[in-house]
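J.: The structure that follows is given in the form of structure tokens.
The values are calculated or read from the model by the stated rules, or taken from the named source; none is laboratory data. Bear in mind that the values here come from a model prediction, so they are computed numbers and not experimental data. Positions of Cβ are generated from backbone atoms using ideal geometry, with glycine treated the same way; all protein chains shown enter the neighbour counts. These accessible areas exclude ligands, DNA and RNA; they are computed on the full protein's heavy atoms, side chains included. Shrake-Rupley method; radii C 1.70, N 1.55, O 1.52, S 1.80 Å.
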Amino acid sequence: ADAELARGNEKLKASLKALSKLQKKDIQDIKQFQNPPAGVKTCMEPVCIFFGKKPKMVADDSPGAKPGSKKPDYWEQSKLLVKEAQPFIDSLVKFDKENITQETIEKIQPYIDMDAYQPAAMKSTSEACVAICMWGHAMHSFYFINLEIEPLREALTGAKKDKAEAEAVLAEAQAKLAAVEAKLADLNANLDANKAK
């Protein structure tokens, strides 16, 4: 379990290091957009999903969309998240990664599979987007590693409980044995005394 967790923590460490280098100005650069570039939107949408933010449904003007169809737009929620730069960075660092749900991961997966949602692709957008994208990938990886090690943790907890119970039984048996040995020693001492008489 520790080895698996260490593997996941490598990505996590890299993303936290990138986040630690972010300046308030970098986040404010994201906040200033009224109509952000596609890269900024792509970077921020998974963050909104991880934090359980609900999108606004807007008309889908993408090529091939059916007339009257709608698509989720997370930009309003994104702007609220980055409203205060330092609290936003802190919220990423302190995010409760152990309790990410399968439903969240299913919503995130299409982004993970996108070429546009890769740290290298985000370099042309901004340094802040690179760090935030790395964080999204780290959270996604951590979910699967956590899923693998959870049964190991449970098995370890069960084994520790069994060991504690076995040690309690052993201690009780050893106490009984010590009492029997003490009684036997007394009997042998009496026997020796009687033989001497």
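J.: Take the residues in the range 41-58 that are assigned to a loop (DSSP other than H, G, I, E, B) and of a type outside the set (Lys, Arg); name whichever of them is farthest from the chain's Cα centre (by Cα). Outline the logic, then answer.
T.: In the first step, residues of the range 41-58 are kept if they are assigned to a loop (DSSP other than H, G, I, E, B); the result is 51-55.
Adding the requirement that they be of a type outside the set (Lys, Arg) leaves 51-52, 55.
Numbers: Phe51: 13, Gly52: 15, Pro55: 23 Å.
Across the range 41-58, the extreme among qualifying residues is Pro55.
J.: On to the next question. Determine the pairs where a residue that is under 18 Å from Phe88 (Cβ atoms) and assigned to a loop (DSSP other than H, G, I, E, B), located within the range 29-40, has a partner that is open to solvent by less than 60 Å² (accessible area, probe 1.4 Å) and of a type outside the set (D, E, K, R) with Cβ atoms under 7 Å apart, the partner being 6 or more residues away or on another chain.
T.: Every condition considered, the pairs that remain are Phe33/Val40; Pro36/Trp75.
J.: It is to be established whether one or more residues within the range 142-150 are touching a residue at least 60 places away in the same chain (Cβ under 8 Å), acidic (Asp, Glu) and either part of a helix (DSSP H, G or I) or open to solvent by 70 Å² or more (accessible area, probe 1.4 Å) (or both).
T.: Taking every residue of the range 142-150 in turn, at least one turns out to be touching a residue at least 60 places away in the same chain (Cβ under 8 Å), acidic (Asp, Glu) and either part of a helix (DSSP H, G or I) or open to solvent by 70 Å² or more (accessible area, probe 1.4 Å) (or both).
J.: Can I ask one more? Kindly evaluate Pro119 against the criterion of being out of contact with any helix residue (DSSP H, G or I) (no Cβ under 8 Å at 6 or more places or on another chain) and surrounded by 10 or more Cβ atoms within 10 Å (Cβ to Cβ). Explain how you work it out, then say what you get.
T.: Details: out of contact with any helix residue (DSSP H, G or I) (no Cβ under 8 Å at 6 or more places or on another chain): no; surrounded by 10 or more Cβ atoms within 10 Å (Cβ to Cβ): yes.
The answer is no for Pro119.
J.: Which numbered condition trips up Asp61, out of (1) free of Cβ contacts under 8 Å to residues at least 40 places away in the same chain; (2) part of a loop (DSSP other than H, G, I, E, B); (3) in contact with a helix residue (DSSP H, G or I) (Cβ under 9 Å, 6 or more places away or on another chain); (4) open to solvent by 80 Å² or more (accessible area, probe 1.4 Å)?
T.: Here Asp61 clears every test but (3).
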